[in-house]
1. Using only the alpha-carbon atoms of region 80-213, report the extent along each of the three principal axes, biggest first, to the nearest angstrom.
2. Around Phe103, what is the net charge, scoring Lys/Arg as +1 and Asp/Glu as -1 over all other residues with Cβ under 15 Å from its Cβ?
3. Find, to one decimal place in angstroms, the Kirkwood hydrodynamic radius of region 259-298, where the mean of 1/r is taken over every pair of different Cα atoms and then inverted.
4. As a quick test, which of the pairs Lys222/Lys331; Lys102/Lys174; Lys83/Lys224; Lys112/Lys278 have an alpha carbon distance above 21 angstrom in this structure?
5. For every other residue with a beta carbon closer than 11 angstrom to the beta carbon of Glu118, add +1 if it is Lys or Arg and -1 if Asp or Glu, then tell me the sum.
6. Using θ = phi - 60° and the Karplus relation 6.51 cos²θ - 1.76 cosθ + 1.60, list the HN-Hα couplings for region 228-233 in order, rounded to whole Hz, with x at every Gly or Pro.
Amino acid sequence: PCMSATNIMSRKPTPYTSVSNYNSSNEAHSDNIEQEGDGESAAGFSLCDDEEEYSELDDSRLPIPGRESHTCDLDQFDIYVNKIRRYKRHNSEPTFHEGLWKFIRSELENAKPIGYEELPDATAVAPKGPEDNEAFIKKMSAIGNVNPIHPNLISGSSGVPLKQVMTELLYATKAGMMSLKLTPDCRRCGSMVCVLDQAGKLPKGAYCEGCKYYNLLDSTSKIKIIFVLSNDVLYALAENFTCQPSKASLAATKVFAIVPATFSGSGFRYSIGCGKKKIAPALPAGRYKMHCPAARTENYLVVKRDASAKDKPIVLPFHVSDYVCRKANRKCKTLHAAHGKIHMDVWTDTKSFFVLWIQEDLDDETIHHLPRAERKPFTSLITLMRNETFQLLFSNDTEMILARALSQMTSMEEKEEEPEHSNKMRKLDDGLVCRDCA
């Protein structure tokens, strides 16, 4: 097998040409936006049989004509499973587990279109209401076990032992069905900080792709592994994985709506405090935070006054690419509205689904911090390195790169975050293993 550094979920946005065109005489308009600069993206890490095959899958992670985001191709899934079934395994490895693949297939069956259709006119918007939004959120939740795949979570949900799950997922990686990602866990939001770059090096520190918090990357206990299904199996447009919001963050939420990308470039309308498909009450006067970790946007919304019964709705055009914020410690753009009755017309022109997330203007720690008690457990890099199938399939190509990355770490972290075993690693004939377990 070969190794290639690719960039699946962290792609710079390439906006479509879409010009807003509004003619309604019954609606007021507002486009007062304060603007700032641009930023950088991180690279990815993958293992597969064929580098060209995988690169093609990576490049195809674009809007597809007539295809709704977060939908699957079960026929293609079955083709991959048959390929995995035919692989000859070592006598000491677990045999092919039909039950796990039936479980994953049953999860993917939830990835069906729910009516977020594209329009032929790139300047047009399709109105969406609370029922539409709830249906999309429900779909995303239903496929949460497989987008992305956390081995320990899929093990707990399916009842298949973790060792067996790891074996199946690694053979699926070899087959090109999915890619393996190694990423440190953000201390603040619990999302992915970054992934290994092409040189196989982890920096001493990095800003989280989701919440922009600076993380010191000084311990192997912070590195988790996930598996991402290829685009021809699960078509899910995303620039980045979403953060898991805390209970405190959800309590500060005023509007939360999913806005997928479309091939034609058409958008969707969400109405706040107005319209037949009102998704939320009118916003009171004040400043609000808007944040989308999936598309990496960050901006403010200022509502100048409370809306009156006589006020006509304001149309706010929102092109997602205008608000992408890749650098930390920079001023965000501000969107202004005369009052709180708003038709938010959103064009997700970043090849990524977008979360229209409007929250109270609280401090970053309250909005972004995910307490440890609310975090889901993850599968560690140590578990991967000690896995027999990984050593048999990939260790010859990856041991040097991972060893180089691990050698930069000091394994120093707060006492309460120390794992049960020491994080210091040493090289043995069968790969990198925990020193205390060797």
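Since every read-out is calculated from the coordinates, none of them should be taken as a lab result. Model, not experiment: these values are computed from the prediction. Glycine also receives a Cβ, built like all others from the backbone with ideal geometry; neighbour counts cover every protein chain displayed.
1. So the extents along the principal axes, rounded to whole Å, are 58, 41, 28.
2. Details: positive: Lys102, Arg105; negative: Asp78, Glu98, Glu107, Glu109, Glu168.
In short, -3.
3. On the way: mean 1/r = 0.0794 Å⁻¹.
Taking the inverse mean of 1/r over all distinct Cα pairs, region 259-298 comes out at 12.6 Å.
4. Values: Lys222/Lys331 29 Å; Lys102/Lys174 19 Å; Lys83/Lys224 27 Å; Lys112/Lys278 25 Å.
The pairs that break the limit, which is 21 Å between Cα atoms, are Lys222/Lys331; Lys83/Lys224; Lys112/Lys278.
5. Numbers: positive: Arg67; negative: Glu68, Glu117, Asp121.
Around Glu118, the surrounding residues sum to -2.
6. Residue by residue, region 228-233 yields 10, 5, 5, 5, 7, 9 Hz.
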